Amino acid sequence: MLKKYNFRAIESKWQQKWEESNIFKTHEDNAKEKYYVLEMFPYPSGKIHMGHVRNYTIGDVVSRFKVMNGFNVLHPMGWDAFGLPAENAAIKNNVRPDIWTWAHIEEMRGQLKQLGLSYDWDREVATCHPGYYKWMQWIFIQLFNKGLAYKKENPVNWCPSCMTVLANEQVVDGKCERCGTLVGKKELSQWYFKITDYAERLLANLDGLPGWPQKVKVMQKNWIGKSTGADVDFEIEGFDDKLKIFTTRPDTLYGVTYMVLSPEHPYVKKLVQGTPFEKETLEYIEKVQHMSDIERTSTVGEKTGVFIGRHSTNPLNGKKVPIFISDYVLMDYGTGAIMAVPAHDQRDFEFAKKFGCEITPVVDPGNPDIDVSDLKEAFVAEGTMINSGIIDGMNSNEAIARITDYLEEKSLGARAVNYRLRDWLVSRQRYWGTPIPMVFCDSCGWVPEKEENLPVLLPADVEFTGKGESPLATSETFAEAACPRCGKKAVREMDTMDTFLDSSWYFLRYCDARNEGSIFDKAKEKYWMNVDQYIGGVEHAILHLLYARFFQMALCDLGWTSKEEPFENLLTQGMVIKDGKKMSKSIGNVVSPEEIIDKYGADTARLFILFASPPDRELDWSEAGVEGAFRFLNRVYRAVFDMAEAAAGVTEGYRLENESDKSLAFVMNASIKKVTEDAGGRFNFNTAISSIMEFVNELYRYKEKGAVNKGLVRDALNNLVLLLAPMTPHICEEMWEHLGNTEPIYRASWPAYDEEAMIRDEIEIVIQLNGKVKEKLNVPANLEKAEFEREVMENDKVKLLLEGKAVVKTIAVPNKLINIVTK
């Protein structure tokens, strides 16, 4: 009697066996080529979702495939465990963040094991564990000692709901990316990392990452935002310091008719102090403090600003131009000051019109529709220079180099490169994060904690009220410390680190996760790094991936990493959607992985996820598709258990005795080749599965013909199970065992294909008459086009089709079809 596919029993059985044998444990092995595959680790929210299932299934297939191909594979998992949700849960539910977090980790670990994922759990890390954040603090100190970590007072993005600072990258459309609250500005003393020191390397190295999606590289290039131009110095009347601006268009300097400073520019208050313009200026500054950067730089809002009663001098023509402050100039970009050329910038044009500033065109575009003497709007400065002194009559592109040379000759400016990228703000006014290991001493200033005293532990005696300052400030034991340098009474830093720091190096810790005496052993890092295949969502293209690259470069400069770049290849998987929309509790279209696993099994969930769509595209959830995947696995299970008896006890080789044998051998080898190429290189798992489905169909056809080539059947069944094993591991282990194999399929070798078996003597082709299918014929394979047409046209069945008809032409596709056009 045929054994029923009991997925619950099978999956439970093999998960237990894998755990008991610790089969996925990995060691360094110099005799093997290594392969490091990694999916982005999750935040332990308590429940995995379908996005997790897709991400981790893709990575697991890659890992299992590489193991079967003889690689020594590192495939770890951990938890990005610090963050605001745990702290909010503490406030709402009166439960400590660590208790909440560890409970969720325990739950999610069980869910991931249910999926049959081949993780080396002995390398598991959690960023909230003191054994991990000790080394996060160690990295902070190394960066501080290298001059890459510093503290300064600056206007920062402040979320009044989360009551914490946000990096520029965490403000989306003027709102907090976490809670959606409108973000304002606040003056705070904060810690920064000098990621700008690495801007050029971060940009240049992108060209050396051919395994990254082009769209991700473009997003990073745009975020780094390299601009080439010139720094130009403007003198300010009655003020000793010069006003420096950066411009990509120094050729338009003769068109400058006013200057604009950011309200936060350090010169502003000095320039208005004790003048009639002080009151209005300070009131405007206060008003701007409550505006988001998005509001300030919007192109649709009315332009606002204040004249501060001062003028600067155009360094080229000596013309005095007024100085304004305006919300549309941000201190974070460039020098916090701009030269305004209203004839050639629409924003400057609208400001000039409102405040009565002169508008001087300096480029003639040669366009009859633009009257440069009576402008109705600004126009792009490309054409012939006018009103421009020494560069009059020159092409605007040539004028850029000429005027820059002149600025340098006269010491009025210099060639410069500017980046949109800003230093990384890493301080957060929260509790549930890595404590910043710095101490302030009145005598010594900011001093790093001694390394032997790490980790600086989070205190337990804190209160979570959701109001006022950080919960750390409520601790009676945390703040007080001894200066690590002089021993005097000192105070600890009360901020914690941005959680993006924790995820910027976790892939390195996996190389030696249990090392208590060092961040990792350098020999182990050299063996495993860099990550051969990294898998995660495209939403991490800028933040996480840029920060991780910065950490890797900095640690490389410190002599700790062997390579500058952490990730050799990157796959950004698409979202899982339902009914055309992203799965969301608010919409009510969420599908629970637990429910699918309970109803159909983990192998079915994995198969559907892999088959429904290429990994880099959106996957539209379909219950019918899941049921189809389940039916297919049942069909495979029946085929193996039904046909296994026919192949039992066969050990010797075999010959292909007839056309049925040849057809099965052809499909089997073609499937092996297709799956090898699609699963191993291109990650086109959907087409790989389609090929396996054709293989299964051919097996059933072979069986129905009553074929009994036992050796061939043995090979076909073994190869079928091997091909499916990375995708549906539980059922394949069960079938592999039933076929008489004693070693687990996880350790089995990937099948090889026989090129000769894929050469067919005959193939079936389609005969069309005026575009309609009329007949199918078997003809010799691989004929030249003329021979192919002759073979078909001389066939008796074709001659019968053409009786009484005149052939106009034939359209032949050798090995596939021929269309005969008649009249």
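The values are calculated or read from the model by the stated rules, or taken from the named source; none is laboratory data. As the structure is a computational prediction, the values presented were derived from the model and not from experiment. Note that each Cβ is placed from the backbone with ideal geometry, even for glycine, and that neighbours are counted across all protein chains shown. What goes into the accessible areas is simple: the full protein's heavy atoms, side chains included, and nothing from ligands, DNA or RNA. Shrake-Rupley method; radii C 1.70, N 1.55, O 1.52, S 1.80 Å.
For the chain, the longest principal axis of the C-alpha atoms and the axis of helix 396-409 are separated by about 50°. Ranked by the mean number of other Cβ atoms within 10 Å per residue, highest first, peptides 36-42, 432-438, 347-353 order as 432-438, 36-42, 347-353. The H on the amide N of Lys185, modeled in the peptide plane, is under 5 Å from the matching H of Trp158, Met291, each at least 5 residues off or on a different chain. For the range 188-230, the residues whose backbone nitrogen is under 15 Å from a point 7 Å from the Cα of Glu408, taken along Cα to Cβ, are 228-230. Note on Glu762 and His738: the model spin-label points, each 7 Å out from Cα along the C-beta direction, lie 3.5 nm apart. Taking the protein heavy atoms of the range 621-712 in the context of the full set of protein chains, the accessible area attributed to carbon and sulfur is 49 percent at 1.4 Å. For the range 336-454, the relative contact order comes to 14 percent (Cα pairs under 8 Å, sequence separation of at least 6). Classify the range 187-256 as rounded, prolate or oblate, taking a ≥ b ≥ c as the square roots of the eigenvalues of its Cα gyration tensor: rounded when a/c is under 1.5, otherwise prolate if a/b is larger than b/c and oblate if not. Oblate, since a/c reaches 1.5 and b/c is not below a/b.
Overall, the range 705-823 carries a charge dipole of about 820 debye about its Cα centre when +1 sits on the Cβ of Lys and Arg and -1 on the Cβ of Asp and Glu, all other atoms neutral.
Of the residues Arg485, Arg402, Arg64, Arg701, the one with the largest accessible area comes first in the ranking Arg485, Arg701, Arg402, Arg64, computed with a 1.4 Å probe on protein heavy atoms. Using +1 at the C-beta of Lys and Arg and -1 at the C-beta of Asp and Glu, which of Gly466, Ile519, His544 has the Cα lying farthest in the positive direction of the dipole of the range 444-552? Going by the charge dipole, the pick is Ile519. Extension gain, Lys809 to Glu452: 0.36 nm times the residue separation minus the Cα-Cα distance gives 119.8 nm. Sorting Thr474, Thr164 by accessible area puts them as Thr474, Thr164; the probe is 1.4 Å, largest comes first, and only protein heavy atoms count.
The modelled label-to-label distance between Ala9 and Glu594, using points 7 Å beyond Cα along the C-beta direction, is 2.6 nm.
For the set Ser586, Ser663, Ser749, Ser388, the ranking by accessible area, highest first and with no ligand, DNA or RNA atoms included, is Ser586, Ser749, Ser663, Ser388 under a 1.4 Å probe.
In debye, nearest 20, what is the charge dipole magnitude of the range 154-203 about its Cα centre with +1 on Lys and Arg Cβ and -1 on Asp and Glu Cβ, if you could check?
120 debye
A crude spin-label estimate for the pair Ser21 and Phe440, with each label 7 Å from Cα along the Cβ direction, gives 5.9 nm. Ranking Gly116, Ser562, Asn718 by Cα position along the charge dipole of the chain, where only Lys, Arg, Asp and Glu carry charges on their C-beta atoms, puts Asn718 farthest toward the positive end. Straightening the chain between Asn94 and Asn145 buys 14.4 nm, computed as 0.36 nm per residue apart minus the Cα-Cα spacing. Return the subset of Lys186/Lys269; Lys185/Lys303; Lys194/Lys489 for which the Cα-Cα distance in this structure is over 28 Å, preserving the input order. Over 28 Å apart, Cα to Cα: Lys194/Lys489. Estimated at 0.36 nm per residue, the fully extended path between Asp364 and Asp240 surpasses their Cα-Cα distance by 41.0 nm.
Rounded to the nearest 0.05, the FRET efficiency derived from the C-beta distance between Thr474 and Arg109 at R0 = 30 Å is 0.40. According to the Kirkwood relation over distinct C-alpha pairs, the hydrodynamic radius of the chain is 31.9 Å. Accessible surface of Phe632, taken over heavy atoms with a 1.4 Å probe and every protein chain present, rounds to 20 Å².
Report, in listed order, any pair from Lys673/Lys710; Lys152/Lys410; Lys175/Lys522; Lys134/Lys287; Lys92/Lys134; Lys244/Lys353 with a Cα-Cα distance greater than 32 Å. From Lys673/Lys710; Lys152/Lys410; Lys175/Lys522; Lys134/Lys287; Lys92/Lys134; Lys244/Lys353, over 32 Å: Lys152/Lys410; Lys175/Lys522; Lys134/Lys287.
Solvent-free Debye calculation, one equal scatterer per alpha-carbon of the range 679-823: log10 I(q)/I(0) at 0.09, 0.11, 0.22 Å⁻¹ equals -0.46, -0.63, -1.32. Under 20 Å from a point 7 Å along the Cα-to-Cβ line of Val417: which residues of the range 181-209 have their amide N that close? Of the residues in the range 181-209, 194-209 have backbone N under 20 Å from the label point off Val417. The long axis of helix 97-114 is offset from the longest Cα principal axis of the chain by roughly 30 degrees. How high is the FRET efficiency from Lys376 to Ala401, r the C-beta distance, R0 22 Å, rounded to 0.05? That pair, Lys376 with Ala401, gives E of 0.10.
Rounded, prolate or oblate: pick one for the range 614-712, where a ≥ b ≥ c are the square roots of the eigenvalues of its C-alpha gyration tensor, a/c under 1.5 means rounded, and failing that, prolate if a/b is larger than b/c, else oblate. Prolate shape, in that a/c is at least 1.5 and a/b is the bigger ratio. Here the contact order of the chain, divided by its residue count and restricted to Cα pairs under 8 Å and six or more residues apart, works out to 14 percent.
A simple charge model with +1 on the Cβ of Lys and Arg, -1 on the Cβ of Asp and Glu and nothing else charged puts the dipole of the range 247-310 at about 200 debye relative to its Cα centre. Within the range 735-770, whose backbone N sits under 20 Å from a point 7 Å along Cα→Cβ of Val821? Within reach of a label on Val821, which here means backbone N under 20 Å from a point 7 Å along Cα→Cβ, the range 735-770 contributes 766-770. In the context of the full protein assembly, Asp345 retains an accessible surface of approximately 50 Å², using a probe radius of 1.4 Å and ignoring ligands and nucleic acids.
Taking the charge dipole of the chain about its Cα centre, with +1 at Lys and Arg Cβ atoms and -1 at Asp and Glu Cβ atoms, the residue from Ile811, Pro484, Ala644 reaching farthest to the positive side is Ala644. The angle between the Cα long axis of helix 710-724 and the main principal axis of the chain comes to about 20°, on a 0 to 90 degree scale.
Using a/c under 1.5 as the rounded threshold, could you call the range 237-298 rounded, prolate or oblate? The axes a ≥ b ≥ c are square roots of the C-alpha gyration tensor eigenvalues, and prolate needs a/b larger than b/c, oblate otherwise. Oblate, because a/c is 1.5 or more while a/b does not exceed b/c.
The mean sequence distance of close C-alpha pairs (under 8 Å, at least 6 residues apart), as a share of the length of the range 420-493, puts its relative contact order at 35 percent.
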